[in-house]
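Trainee: Mind looking over this structure? Questions follow.
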């Protein structure tokens, strides 16, 4: 027994948790940040989570569970915590005598599965092993794998980058992936780079740029537009600007079909562009009047079109809440990893693809899973918040095919040459 104890003193315990137990630890236990990270990084094996902790961390976790079990005022939670506490205690080194005996007694795991993935204690050659290396295995498309059924609330609580595995992601190393996600969109020498010198002619396919310039020009020519009490364009200006704007293909041909008079919010496409101009500080509300700022006037010049395009693009994807576009669940993971999706687009060829194919290919699986936890199909989120905006920016294009098979036809999308002219990626060679 003493020999067994000494063997565990410098080892790492790897214990299987059912999903319910794993969720309980993350949602009910107040633990130090380092310990919480270890719980979050539990390795998925089939439908279980293998949690790896050193002996002292395991003792600390049991203490945290015991404290919360005594503190909780909810009988059901208190009962679940005490059951979990009993389960965890049997894995303490002094209780692990014969792993084969344990395997025969354990009822929570499938006895027909791989026995090496069951509970066991193991001594690593390097006690300071990288948790990221152990997080998740890869799947066929080289994306990292997230534990199945992860609750949306849990995903929201994680560090935006912490739940990305340290495995290769479409040929990327962990450090390169972090570079992409942490990239500065204003740094001309950063990982993600934007060509701000594109000419107005090269950008002529962008609905958003063209309409933003039309709006800025009209507001400037009027020396400002009187705003509503909510700070929006008044009805008269809305009616006027609609005669000048270039609308995307999916815009309602007759906006007055549903409304006799139009407010700004009745023309959502106009409302979004005005909001982006406001967030970009290209327009401002002064004493009840919407005016073009000095920077707006400067970027309105033809030779500044590339700079204006970059500012609008950056603001749209990093300064504006994309969930506002469709009023569906937040699913923050998409916006927090938008740079990864852009990187994946940069690696695409020019072939037409369905939106569900693009959703699978361009999203990190943790983000996909976050969307799947809602009642809405992930492709709807992705189209509304990523694909359609790229189409309106002129960086992708769409077409409808197979009209005879479906009443509405099937939408196919591909990137345009403008995408590669505008966006490129450069990795730090130190990775």
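Trainee: Could you tell me which of the residues 370, 330, 357 is more than 27 Å from residue 283 (Cβ to Cβ) and modelled with pLDDT under 90? Can you show your working first?
Mentor: Details: 330 fails: more than 27 Å from residue 283 (Cβ to Cβ); 357 fails: modelled with pLDDT under 90.
On inspection, the qualifying residue turns out to be 370.
Trainee: With the structure loaded, tell me whether residue 315 is buried (at least 16 other Cβ atoms within 10 Å of the Cβ) and free of Cβ contacts under 8 Å to residues at least 60 places away in the same chain or whether it fails that test.
Mentor: When the stated conditions are applied, residue 315 passes them.
Trainee: Looking at 54, 74, which one is modelled with pLDDT under 80 and outside the structural domain of residue 366 (by TED's automatic domain parsing)?
Mentor: It is 54.
Trainee: Quick one: count up the residues across region 351-365 that are in contact with a strand residue (DSSP E or B) (Cβ under 8 Å, 6 or more places away or on another chain) and surrounded by fewer than 23 Cβ atoms within 10 Å (Cβ to Cβ).
Mentor: Here is the first cut: in region 351-365, the ones in contact with a strand residue (DSSP E or B) (Cβ under 8 Å, 6 or more places away or on another chain) are 351-355, 358, 361, 364-365.
Adding the requirement that they be surrounded by fewer than 23 Cβ atoms within 10 Å (Cβ to Cβ) leaves 351-355, 361, 365.
Of the residues in that region, 7 qualify.
Trainee: Another one. Quick check: anything in region 302-315 farther than 26 Å from residue 337 by Cα, outside the structural domain of residue 193 (by TED's automatic domain parsing) and more than 32 Å from the chain's Cα centre (by Cα)?
Mentor: Yes, the conditions are met somewhere in region 302-315.
Trainee: How many residues are touching a helix residue (DSSP H, G or I) at 6+ places or on another chain (Cβ under 7 Å), in a helix (DSSP H, G or I) and within 17 Å of residue 26 (Cβ to Cβ) if we restrict to region 67-79?
Mentor: So the count comes out to 3.
Trainee: So in region 46-59, with the set limited to residues that are part of a helix (DSSP H, G or I) and within 32 Å of the chain's Cα centre (by Cα), which one is nearest to residue 19 (Cα to Cα)?
Mentor: Result: 58.
Trainee: Considering only residues that are part of a loop (DSSP other than H, G, I, E, B) and touching a strand residue (DSSP E or B) at 6+ places or on another chain (Cβ under 8 Å), look in region 189-204 and name the one that is farthest from residue 311 (Cα to Cα). Before the answer, list the steps.
Mentor: Keep residues of region 189-204 that are part of a loop (DSSP other than H, G, I, E, B), which gives 189-191, 195-204.
From what is left, the residues that are touching a strand residue (DSSP E or B) at 6+ places or on another chain (Cβ under 8 Å) are 191, 195.
Working: 191: 17, 195: 11 Å.
Within region 189-204, the match that is farthest from residue 311 (Cα to Cα) is 191.
Trainee: Collect the residues in region 25-35 that are within 19 Å of residue 80 (Cα to Cα) and within 24 Å of the chain's Cα centre (by Cα), keeping them in residue-number order.
Mentor: Result: 25, 26, 27.
Trainee: Restricting to region 264-280, give me the number of residues that are surrounded by fewer than 17 Cβ atoms within 10 Å (Cβ to Cβ) and out of contact with any helix residue (DSSP H, G or I) (no Cβ under 6 Å at 6 or more places or on another chain).
Mentor: 2
The values are calculated or read from the model by the stated rules, or taken from the named source; none is laboratory data. As the structure is a prediction and not an experimental result, all values here were calculated from the model. Here Cβ is always computed from backbone atoms with ideal geometry, including for glycine, and neighbour counts include all displayed protein chains.
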